[in-house]
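Please read the structure below before turning to the comments.
Please treat every number below as a calculation from the coordinates, not as lab data. What you see is a predicted model, and the numbers here were worked out from it, not measured in a lab. We place every Cβ from the backbone using ideal geometry, glycine too, and count neighbours over all the protein chains shown.
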Amino acid sequence: MENSPPTMDPASPLCGIRPSDLPAPPREAIRIVRACSDPDIDSRRLGEMITSDPVLTAELLRIANSALFGLRSRVSSAAHAVTLLGHRALRNLALCIAMRDALKGGRLPAEELDRFWESALRRAVSARALAPVANLETDECFTAGLIQDFGLLVLLWLHPERVPEWGRLTATDPEQRLELERQLFDTTHDRVGMELAKVWELPPSLADAIAFHHAPILQGLDPAHERLARVTRCADWMAALFEADDKRMVFARTLALLAECFDLVGESADGVLARVAEEIDEAAEALGMRIGDQPTLDQVLRDANLRLAEENLSFQELTWRLEQTLAERDRLAAQLERELSLAREVQCGLLPRDARLGVHGINLPAHHLSGDFYDAFPSRGGRVWFAIADVSGKGMHAALLMAKTSSLLHCLGKGITDPAALFATLNRELAEHPIRGMFVSMAGGVFDPESGEGVLVNAGHLPALQALAEGTCRQFPASGPPLGVLTGSRYTPFPFNLREGPLLLYTDGVTEARRPSGEELGIPGLRRLLRSHLRQPAGERLQAMMDEIRHCKLTTHDDLTLLLVEERHGD
């Protein structure tokens with residue numbers, strides 16, 4: 001694994017750069033990081049792996065026994081460190097060492113490296129101070145803060161001629177710095193950090209913190225990952241208060257963010273900010289980094305003319321400014337809510353409503369917008385098209401691709417009667433203008449309502465189920481890749497007859513629904529659910545199945561979509 005890093009995305013900001021051109025972390029430290037994340041490696045084996053590298057062992061023990069961790073008893077061995085700290089804290093500690101040592105070797109001036117790590121330590125200490133209010137582990141937050149802007153150091157590593165710009169970069173606030181990076185490098189540190197996280201196989205929580213700490217909307221992330229991204233976003237602004245030229249603006253923005261993300265106001269916010277200056281020396285000593293004399297928060301505010309006496313600003317005026325900022329935040333949130341609701345109405349308008357076609361569907365999005373959809377519409381010769389699909393990803397980008405695919409299906413399906421040909425055409429259209437990392441799994445086909453005979457095609461979707469009269473279920477598996485992946489894909493059609501039993505199509509949110517025991521519903525559970533409601537009318541049957549998934553102690557985290565195709569018995 002270490003010798004074969006993942007292939008980079010052709011649209012990546014690092015495209016054209018070989019993995020060997022990128023800074024490589026110390027092999028042993030990264031080996032420990034990956035081992036700590038492996039549930040199959042026990043504490044004894046992990047202790048043996050650490051002990052095999054005396055230098056790394058000594059460094060881990062030195063940092064673990066520093067004031068940064070504040071352990072009551074002294075850590076005397078690698079095995080003791082594993083027991084006392086736990087796998088997660090040990091992983092984060094090894095990752096801090098790996099990041100610190102990844103760019104040693106003289107390619108960047110030592111003075112500039114020290115300045116970068118001083119800034120990184122401020123973010124790390126800021127994130128650590130926010131851990132209790134975010135309900136996260138302090139070492140996880142510290143590590144995320146330390147490495148969140150590592151992509152900027154990589155950019156300077158790759159473009160050493162830009163090193164003189166470092167002073168200009170640190171003098172700006174986080175949003176201005178991001179724009180300046182675009183001008184200097186044609187990309188930004190969060191995008192580069194995200195690619196590097198893939199190559200180095202960093203833990204998902206830390207990879208998301210690196211990738212999304214500048215994202216204004218954090219929709220679709222794991223809740224703990226979202227909180228960590230909010231922590232790193234606030235930490236960026238808290239650290240900028242000690243470096244940016246316009247401290248007045250940074251201070252106001254920092255207070256607004258702390259209130260917005262964690263309800264920290266007044267003395268609570270001041271206390272968190274004060275800890276940054278108080279604890280950075282301790283963190284620097286623990287990690288063996290060189291930093292200069294650190295100003296206190298009071299000195300920073302005095303230098304920025306932010307003291308109330310010097311600015312002649314009353315506490316009431318500062319409170320009013322904060323209230324204005326929060327009111328603006330609420331106004332923008334309400335506007336976004338209205339726009340998302342309108343988008344959901346548009347999505348619902350794309351779903352079919354004519355139950356006389358013999359096709360019944362139900363869709364429940366996990367969030368405002370759904371990446372699932374289903375459709376049914378008449379074709380030439382009285383035949384009926386039906387389909388269900390699941391777009392990769394969530395949120396607005398998935399909803400837009402869903403709308404595009406639904407429109408193409410509806411338009412092309414009125415002129416094409418061969419499902420295999422239709423799916424191949426859809427695939428070509430989506431693959432011609434691909435969206436990075438996105439694709440559509442789809443199952444569907446066409447049938448004759450009079451005879452019940454039809455043909456089904458499955459493009460990388462879950463198997464369609466047909467409930468047969470003898471109590472068994474026939475499955476129609478995928479016969480080709482999802483749409484939008486490979487331009488020349490072909491799809492094998494499967495014949496069926498609705499007189500033998502109804503067809504059930506579904507998305508993975510249904511089969512991945514979990515019981516309190518952690519067991520997934522899965523295809524076997526869905527088959528049992530289908531048979532138990534087989535005697536009910538189609539519309540009632542789908543609703544009863546969905547109610548059971550939603551309310552009968554099954555938890556879901558994805559869009560839920562069911563589609564039932566059955567023989568039509570009169571209008």
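Starting from the Cα gyration tensor of the range 352-565, take the square roots of the eigenvalues, sort them a ≥ b ≥ c, and report rounded, prolate or oblate (rounded when a/c is under 1.5, otherwise prolate if a/b is larger than b/c, else oblate).
Taking the square roots of the gyration eigenvalues as a ≥ b ≥ c, the range 352-565 is oblate.
Got a sec to turn the phi values of the range 177-183 into Karplus ³J(HN,Hα) couplings, 6.51 cos²θ - 1.76 cosθ + 1.60 with θ = phi - 60°, whole Hz, x for Gly and Pro?
Coupling constants for the range 177-183: 5, 4, 5, 5, 4, 4, 5 Hz.
Spelling out what I want: for every residue of the range 507-513, take phi, set θ = phi - 60°, compute 6.51 cos²θ - 1.76 cosθ + 1.60 (Karplus), and round to whole Hz; glycine and proline get x.
Per-residue couplings from phi come out as 10, 5, x, 6, 6, 8, 4 Hz.
Place the peptides 128-140, 147-159, 513-525 in order of packing, highest mean first, counting for every residue the other Cβ atoms within 10 Å and averaging per peptide.
Put in order of decreasing packing, that is 147-159, 128-140, 513-525.
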